[in-house]
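Here the structure is laid out as structure tokens; the discussion comes afterwards.
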Amino acid sequence: MILQRKILNNNIYRNFSTFNYNNAVNHSVIPIIDIKQFKYGSDQTRQSIANEIYNVGKNIGFMYIKNSEIDVKLKTKTLEYNQWLFNLPIQKKQLFAQTDQNIRGYYRFQGVGYGEQLVIDDETGHAKSIDENNNNHEIEDVIEAFLVGNDHQKPWVLKKDYYEQRYGKNQSSRFKWLPNCQPNQWPATEPSENGFENDDTLTENDLKVAKAFRNHMNHYFDVCSQTASTIVSAIALSLALPLNHFDHFHSKNDHTMELKHYKPSTNTNKNNKVRMNEHADLSTLTLLIQNKGTDGLQLWNQSEWIDAPFLDDAILVNTGDVMERLSNGQYKSTKHRVVMNNQKSHLSRYSTVFFYVPNWEKEITNSDLMGDLIPFS
Ligand SMILES: [Fe+2]
């Protein structure tokens, strides 16, 4: 059985209707886990951390991880690079934008309004929103994003053959195959790259910064992958499985990373306006860092929205659909969203999200499940 979910934009979200919001509870009950204790502690300490993580997965699905390799310095630097990328003029960003053939690179992402439902046409990629009265609306273009995958190998060559074999060569929708198997598209690091010879404004310094950006993001990608792998080992232990039980699902480094910029809004009357529709992640695990000062990320817990604020010395981690499936429902895939706070709507929100996912061609069969199949909630 293959995981199949409604595909939204780039294949990493499971989308929900956006009706019937409540205001969020302004406090956090998200546990903080010290992953260093798991990595270097005694067997007893490791088991105890694994048990803590199990309770997280069972009850809330989100946790702060502290003392990982993603320290304050790395977080700060990564978000500075986020800002640098999105501050480039739009003409430059368009040079490494997504195309019909390649969804990696820069794109603009359309959010939804309060009480509205986002509808994306799979064929055209066009987005619109529909309110409670079934009226269509022009929607604000509030999010810019940059999607990047493993830059070290060339997995798309093998994957292309695989997907062609599986789905055929003549798929009309770009979402039906090869969603994430094309080369990364970066800002130019050499004058000759990707038609950038037409960009007269490109300076030596631009190339230098772009190279540093690319190196940094690749480094951050690797660190996230290692950190996620450690957390997944702890999850395995929490389920009384060998530490490396889930390794073969993730051996090909097919993970995806998304940089995001939620643009400031000039409309000051949009408290709780949804900037990112509520959804659950398709991933095994998602690692998120966000900048200080804007907040807005909320998750659904016990029939209410709760805030997931910025913490200086921790990253936010949630278990996704794949882990819910692999653990046969013992770990939750919790829905979440991003809303606007009136007092902070004039500020940009930056986040970098790393999706730790199984090998793209990996089929999750019943034999991989623990016990009888429990449907998604
Ligand atoms: Fe998400």
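The values are calculated or read from the model by the stated rules, or taken from the named source; none is laboratory data. What you see is a predicted model, and the numbers here were worked out from it, not measured in a lab. All Cβ positions, even for glycine, are placed from backbone atoms using ideal geometry, and neighbour counts span all protein chains on display.
Numbers for the structure displayed
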| quantity | calculated |
| --- | --- |
| Number of positions in the stretch 277-288 that are over 9 Å from the mean Cα position of the chain (by Cα), more than 9 Å from residue 321 (Cβ to Cβ) and near the ligand (Cβ under 8 Å from one of its atoms) | 1 |
| Qualifying residues in the stretch 338-361 (those that are assigned to a loop (DSSP other than H, G, I, E, B) and more than 17 Å from residue 286 (Cα to Cα)) - the one modelled with the highest pLDDT | 348 |
| Of the criteria (1) modelled with pLDDT under 60; (2) within 23 Å of the chain's Cα centre (by Cα), which one residue 106 fails | (1) |
| Residue that is at pLDDT below 85 and among the β-branched types (Val, Ile, Thr), where the choices are 142, 72, 148 | 142 |
| Selection within the stretch 187-234 - among the polar types (S, T, N, Q) and modelled with pLDDT of 80 or more | 189, 203, 205, 215, 218, 225, 226, 227, 229, 230, 233 |
| Residue 284 over 20 Å from residue 72 (Cβ atoms), crowded, with 19+ Cβ neighbours inside 10 Å and among the polar types (S, T, N, Q) | yes |
| Breaking point among (1) modelled with pLDDT under 90; (2) within 16 Å of the ligand (Cβ to nearest atom), for residue 299 | (1) |
| Residues of the stretch 291-307 satisfying the condition of being crowded, with 17+ Cβ neighbours inside 10 Å, assigned to a loop (DSSP other than H, G, I, E, B) and not hydroxyl-bearing (Ser, Thr, Tyr) | 291, 295, 296 |
| Residue within the stretch 79-93 that is in a loop (DSSP other than H, G, I, E, B) and either at pLDDT 95 or above or farther than 19 Å from residue 238 by Cα (or both) present | yes |
| Candidates 274, 209 - the one that is over 22 Å from the mean Cα position of the chain (by Cα) and more than 27 Å from residue 39 (Cβ to Cβ) | 209 |
| Enumeration of residues in the stretch 308-337 that are more than 15 Å from the ligand (Cβ to nearest atom), outside any helix (DSSP H, G or I) and either more than 14 Å from residue 55 (Cα to Cα) or without any contact (Cβ under 8 Å) to a residue 24 or more places away in the chain (or both) | 309, 310, 311, 312, 313, 314, 328 |
| Evaluation of residue 252 against (1) within 14 Å of the ligand (Cβ to nearest atom); (2) under 25 Å from residue 331 (Cβ atoms); (3) at pLDDT below 90 (one fails), failing number | (1) |
